[in-house]
1. Please list, ordered by chain and number, the residues whose modelled amide H lies under 5 Å from the amide H of Gly297; skip anything fewer than 5 residues away on the same chain.
2. By per-residue mean of other Cβ atoms within 10 Å, what is the highest-first order of 15-28, 218-231?
3. Would you rank Arg52, Arg155 by solvent-accessible area, highest first, keeping every protein chain in place and using a 1.4 Å probe?
4. Test of understanding: in a Gaussian network model of the chain with alpha carbons linked when under 10 Å, which of Gln160, Gln115, Gln11 would top the mean-square fluctuation ranking?
5. Evaluate the charge dipole of the range 51-189 about its Cα centre and quote only its size in Debye, nearest 20, assuming +1 on the Cβ of each Lys and Arg and -1 on the Cβ of each Asp and Glu.
6. In the chain, which longest range has no GluC sites (Glu not before Pro) that are both DSSP loop (not H, G, I, E or B) and surrounded by at most 14 other Cβ atoms within 10 Å?
7. So, R0 is 25 Å and r is the distance between the beta-carbons of Ile222 and Trp161; what FRET efficiency does that work out to, to 0.05?
8. How big is the C-alpha Rg of the range 138-215 next to the rule-of-thumb value 2.2 N^0.38 Å, as a ratio?
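The values are calculated or read from the model by the stated rules, or taken from the named source; none is laboratory data. Computed from a prediction, not measured in an experiment: that's the story for all the values here. Cβ sites come from the backbone with ideal geometry, for glycine too, and all protein chains shown count toward neighbours. Accessible surface areas use protein heavy atoms only, side chains included; no ligands, DNA or RNA. Shrake-Rupley method; radii C 1.70, N 1.55, O 1.52, S 1.80 Å.
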Amino acid sequence: MGHLRALTVSQQIGLLFVVLFGLLALVTAIAVSRSVRERSPEAQERFDRGMRDLRALWWGGVLFWISWIAGAWVSTLLFGVVSFVALREFVTLTHTRRGDHRSLLLAFFVVLPMQYTMAGGQWFDLFTVFIPVYVFLAIPVVSALGNDPQRFLERTAKIQWGIMVCVYGMSHAPALLLLDLPSYEDRGAFLVLYLVLVVAAAKIAQDAASRRLRRRPVARAISRSFSWRAWTLGALTAALVGALLYWATPFKPIPALVMGFIAGGSGTFGEFVMQALKRDAGVRTWGGKASVTGAVGLLDRVAALCFAAPVFFHSVRWYFGV
């Protein structure tokens, strides 16, 4: 540990990417070796889903590496592109009418760029209230100007919800790169990686627990696999991973454990909520109607992060008083 701390910031982050891509390469090699085995249709579906997630991890790792090489502003821009695609997927599977076009234009081409500009400029006081306060009030005004009262409240609420999840939530991930924390200059990449790892650990542990434990779903109509026991095991796993990664964060072991629990638990709650939205839209995955909508399933992969990032970001700011 002393040798790791003695490295420069660039050397530490470079070592981080060597380990990250090494683990991805190892998992990929194992997955390819298992791809030739015969399996049942259910097992094959799980394997295909795992391979899609693995490809998403490769893409995320490469984009993360590019964004670190290019600097915080490029990283913020890349997260903005992810937000744009996720919001597009959300909108394609929700009911909108011609009267909503102005609100959608406002969301995609005004709200999204302004939110990420404020994140990149470190205007965090305005960044945290811009969408929940000003955009929340502006969207129904703009929609009303469309002169279409049919299902007005439902349509407006869906646009507001899409902006909150896909833009507001996601924008807090690159904002972590720019937080000015004591004795933690230029190490924001570690904080983002910490968040991603604890959220992923919670998701994997909860999925495994839901398959092996006796299921007692709390909302059977939404998810037959979500139970309090599985959620607790997922959050506790995230806490353990967070504590093990304390050396890469500005936290001591106990605060790192608590932060991991908060982020992991928030992320799995987020996935549960998005399952309810998918049930309402009548699809199994956000990419389930790709041939019709052009969706690629990105929102399925970032939903947990969209919920966990703002909770984690504000918890960090509160803990350090910044």
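1. Gly287
2. 218-231, 15-28
3. Working: Arg52 105, Arg155 0 Å².
Heavy-atom accessible area, descending, gives Arg52, Arg155.
4. Maximum fluctuation in the GNM of the chain, among the listed residues, is at Gln11.
5. Rounded to the nearest 20 debye, it is 600 debye.
6. 39-184
7. 0.95
8. Values: Rg = 19.8 Å, N = 78, 2.2 N^0.38 = 11.5 Å.
Relative to the 2.2 N^0.38 Å estimate, the range 138-215 comes out at 1.72.
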